Amino acid sequence: PMATRYAFFIHLRALPEWLRLPREQRRELGEAHLHELLPRYQGALRLRHFDAEAFAAPCSDLMLVETDDPLKHYDFMERLRDSPLLTVPYFEVLQILPAIEDGYVAFERAETA
């Protein structure tokens, strides 16, 4: 059986406090407070980032968190919420859309079994 793969699409808005920072400082903050979280999950969680500000409003950024364990996502979000990225705040979380990767495939397999 295939493991269920969960995807969480996190819609973010960059706030003026973030946009006023020099790009080098933004990069340093991202590395210090986002990318340093990832080794803690040792491959149990994958993070991808997408820029959307040129194509959509009000969402400026999207993060895609992928995991086989929704509790890993929950733990990641708690740590992210405690970080300056959200507490200063530099970003606002607009919405989180959970999904199951290829969920219909698992459903169809179960139906035909």
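The values are calculated or read from the model by the stated rules, or taken from the named source; none is laboratory data. Just so you know, these numbers come straight off a predicted model, no measurement behind them. Don't worry about glycine lacking a Cβ; one is built from the backbone with ideal geometry, like all the others, and counts go over all protein chains shown. For accessibility, only protein heavy atoms count, side chains too; no ligands or nucleic acids. Shrake-Rupley method; radii C 1.70, N 1.55, O 1.52, S 1.80 Å.
Looking at (1) more than 27 Å from L19 (Cβ to Cβ); (2) in contact with a helix residue (DSSP H, G or I) (Cβ under 7 Å, 6 or more places away or on another chain), can you tell me which one Q42 breaks?
(2)
Do you know which of the residues in the stretch 1-53 that are at pLDDT below 95 and among the hydroxyl-bearing types (S, T, Y) is least open to solvent (accessible area, probe 1.4 Å)?
Top of the filtered list is Y41.
List the pairs whose first member sits in the stretch 101-113 and is within 19 Å of F9 (Cβ to Cβ), whose second member is open to solvent by less than 100 Å² (accessible area, probe 1.4 Å) and modelled with pLDDT under 90, and whose Cβ atoms are under 7 Å apart, counting only residues at least 6 apart or on separate chains?
Note: no pairs meet the criteria.
List every residue pair whose Cβ atoms sit under 8 Å apart, with the two residues 6 or more apart in sequence or on different chains, where the first one lies in the stretch 33-48 and is over 19 Å from D82 (Cβ atoms) and the second, anywhere, is acidic (D, E) and open to solvent by 30 Å² or more (accessible area, probe 1.4 Å).
A44/D68; A44/D69
Which of the residues that make up the stretch 91-101 are among the charged types (D, E, K, R) and either over 29 Å from R81 (Cβ atoms) or at pLDDT 95 or above (or both)?
Result: E92, single match.
Among all residue pairs at least 6 apart or on different chains, which show Cβ distances below 6 Å where the first residue, located in the stretch 58-74, is among the basic types (K, R) and the second is part of a strand (DSSP E or B)?
Listed by first residue and then by second, the contacts come to K72/L45.
What are the pairs, 6+ residues apart or on separate chains, where a residue within the stretch 78-98 that is open to solvent by less than 80 Å² (accessible area, probe 1.4 Å) has its Cβ under 6 Å from a residue that is among the basic types (K, R) and not in a helix (DSSP H, G or I)?
These pairs meet every condition: E92/R13; L94/R13.
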